[in-house]
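Everything on this sheet refers to the single structure shown next.
Where a number appears in this text, it was derived from the coordinates with a stated rule and is not lab data. Nothing here was measured: the structure is a model prediction, and the numbers come from that model. Counting neighbours? That spans all protein chains shown, and the Cβs are built from the backbone with ideal geometry, glycine included.
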Amino acid sequence: MKIARERVFIVDDDALVRHALSQVLEDDGYDTIVLENAEAAFALNQPIRTIFIDIFMPGMGGVEGIARILEQWPEAKIIAISGGWMGEGMKDALKAAKKAGAHSVLLKPFTNKELYEVLANLG
């Protein structure tokens, strides 16, 4: 019998971030779905339980994406990630993400230890 693995969505416009985060999570036993924008997450129309979402992306940004995810999947656990964008401070962006409903935030670049601490605290 195959044991179901927890599915984690990774939404980031940076391919390197998507790949690195996916590798770390898959090595730890997670099943990952990697997407380059928030619109793609909605197009899949799959339930979202846990999602890492970048704040600054073309199209629907992370803050709007967080609000829409929680409307559609209120039980979703959201981890907002950001490295800032065009002079916008990442700390301010992550505060906005928390206000929109993100359960946790990570500043890029983050360590594996920080990543695992966030996942452990999601509950």
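Descriptive notes on the structure:
- Calculated [222 nm] ellipticity per residue, helices only, for the chain: -12500 deg cm²/dmol; basis is -39500 (n - 2.57) per DSSP H run with n ≥ 4, divided by all residues, nearest 500.
- GluC sites (Glu not before Pro) restricted to DSSP loop in region 17-123 with at most 16 other C-beta within 10 Å: Glu75
- Spatially close lysines, pair count over region 1-120: Cα under 22 Å, gap of eight or more or interchain: 14
- Remark: Lys108, Lys77, Lys99, Lys113 ranked as Lys113, Lys99, Lys108, Lys77, counting other beta-carbon atoms within 10 Å and listing the fewest first.
- For Arg7 and Glu71, a Förster radius of 22 Å and the Cβ-Cβ distance give a FRET efficiency of 0.65, rounded to the nearest 0.05.
- Cβ-Cβ FRET estimate between Gln23 and Ala43, R0 fixed at 25 Å, reported to 0.05: 0.55
- Counted residue by residue at 0.36 nm each, then reduced by the alpha carbon distance between them, the extension gain from Asp92 to Glu64 reaches 8.6 nm.
- With R₀ set to 22 Å, the beta-carbon distance separating Leu16 from Lys113 gives a calculated FRET efficiency near 0.65.
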